[in-house]
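The values are calculated or read from the model by the stated rules, or taken from the named source; none is laboratory data. Note that the structure is a prediction, hence the values are computed from the model and not measured. Cβ placement follows ideal geometry from the backbone for every residue including glycine, while neighbour counts extend to all protein chains displayed.
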Amino acid sequence: MKFLWIIALITSFYANKTYTSVCAVMVDAPAEISDTIFERFIHDFQASPDALFEWALYGTGAQDDQEKNAFLLEYTETVYQPENNYGRITVDVVIPPITRFRNIVLEGKVEDTRMPIVYNPDLCIDSLTISNVPNWCRHFDIDVTYSGKLLEHGYGNLFIIPVDETHSIFLMDINIKYGWFFNIFITKRIYKNSVEWRVNRYMNNLKKVAEDLYETL
């Protein structure tokens, strides 16, 4: 899978009962600006997790097209526990009009493993894939450590790739293995309409905030 194929798209595949998705967006802002969006995400995750729903996770609960809403997410509580270095989101998962799973708890960590930003004029964007992103690209890891009924496991990596002095790329890969019930319920079509859409919305939220910030400078 060549990197340029996913600059404005999201690509997914299913193997070993696990969905893997890769999403990338080109950002009209330099890596230094995009990096501040990482810092803001980590700050809000640790200091004010509710604030994430005002920008990074804004609009991810439901789509405007009701026919694509195979399930809805209704967030009821977000808490960060510094003594354990993890965040907790409590959510109701609604499968209209069948049922509602109440108070599903998602616990996760955000590991900040960013390296200093490096501009490499020899970097060939055309040849990049998710498996060969240089280790000097900024990134952090998101790991769902507990989810009750919803997930068996879930983790992701979010990268900033410097392109030039005025452009960068947000690249994310996520891996999700659902619990037994949701694994039966989540077909590839439902995954595309409900999960891919949320990932794409999240990535474009990051893109918009970075570009809006850059325009104000």
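Restricting the stretch 102-135 to residues that are over 30 Å from T76 (Cβ atoms) and either surrounded by 16 or more Cβ atoms within 10 Å (Cβ to Cβ) or charged (D, E, K, R) (or both), the residue that is modelled with the lowest pLDDT is R114. The set of residues in the stretch 187-204 that are surrounded by fewer than 19 Cβ atoms within 10 Å (Cβ to Cβ) and over 12 Å from I176 (Cβ atoms) comprises T187, K188, R189, I190, K192, N193, W197, N200, R201, N204. Within the stretch 148-167, residues that are touching a residue at least 60 places away in the same chain (Cβ under 8 Å) and surrounded by fewer than 15 Cβ atoms within 10 Å (Cβ to Cβ) have Cβ atoms under 6 Å from residues that are of a type outside the set (S, T, N, Q) and not in a strand (DSSP E or B) in these pairs: E165/P30; T166/P30, counting only partners at least 6 apart in sequence or on another chain.
Evaluate the stretch 181-197: report whether one residue or more is touching a Cys at 6+ places or on another chain (Cβ under 7 Å) and within 22 Å of M26 (Cα to Cα).
no
Scanning the stretch 173-213 for residues that are of a type in the set (D, E, K, R) and not in a strand (DSSP E or B) gives K188, R189, K192, E196, R198, R201, K207, K208, E211, D212.
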